[in-house]
1. At a Förster distance of 35 Å, what's the computed FRET efficiency of residue 1 paired with residue 201, Cβ-Cβ distance as r, to 0.05?
2. Please give the Cα centre distance for segment 198-214 versus segment 1-52, rounded to the nearest Å.
3. Quick check on packing: order 4-11, 61-68 by the mean number of other C-beta atoms within 10 Å, highest mean leading.
4. Arrange the peptides 126-134, 207-215, 111-119, 195-203 so that the one whose residues have, on average, the most other Cβ atoms within 10 Å appears first.
5. Could you list 20, 216 in order of exposure, starting from the residue whose Cβ has the fewest other Cβ atoms within 10 Å?
C-alpha cells in the first residue's frame, strides 16, 4: 500500500500539467488533427495508434522533459519514496491522458473496440519507452522520437531493408522499428496477435525499469 501511495503522489503531477501548461491544449490539437486526417484517408486503427503514441510522447515531454523536472527528482529522492515508485507514477501520468485521447478519437471517428485496445496498449508501451528516453535526455529526444514515430513508426522494417543499398541509416532505422515499440507491429494487436501484445508488455516493463535506474543514478549523485 505504501508503494501505491507513492505512485499516486507522483501521478498527481499530471493535473497541474494538464490545466496550467500547454499539454492539455497540445493533446486537443493532436486529437483534432488526427480526426481531420481520418476524414481524408487515415484508417481508424492508424488514428487510434497515432493518438496514443504521439500523445504519450507529448506527455513525456511535459512530465519529465524539462530540466526543472529532472532537477526536482533529486528533491523527491530525499523524501520517503523509491525510484520505481517515481518512474511508475510518472509513467501513469504520461499514459492515462494519452489513453483518454485514444478513446475520444475513437468515439469521434466510429468506435472499434479492437482498435481502442490496440491503441491503449501501444500508448502504454510507447509511453514507457518515451519516459526512459526523455528522462535522461530531455525534450530534444522527445521531439526526435515524436517525428520518428509520426513519420516512420507505421512502416514495416522489411520495406526499408528491401530497398537497394539501404545503408547504415536505413538499417539502423529498420532495426529500431523491429525492436522498439513501433506502431506497425502493434497493428497486429487489433487482430489478436499474442506476440505483438507480449512485445508491448515487455516494453512497458523495460521502459519503467530503465527510467527507475536513471532516477536511481540521481540518488547516487546526491
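1. That pair, residue 1 with residue 201, gives E of 0.90.
2. With segment 198-214 and segment 1-52 each reduced to a Cα centre, they are spaced 20 Å.
3. On the way: 4-11: 16.4, 61-68: 20.2.
By packing density, highest mean first, the sequence is 61-68, 4-11.
4. 126-134, 207-215, 111-119, 195-203
5. In increasing order of surrounding Cβ atoms, one gets 20, 216.
Computed from the coordinates by the stated procedures, all read-outs in this text should not be read as laboratory data. The structure presented is a predicted model; accordingly, all values stated were derived computationally and were not measured. As a convention, Cβ positions derive from the backbone with ideal geometry for all residues, glycine included, and neighbour counts pool all protein chains shown.
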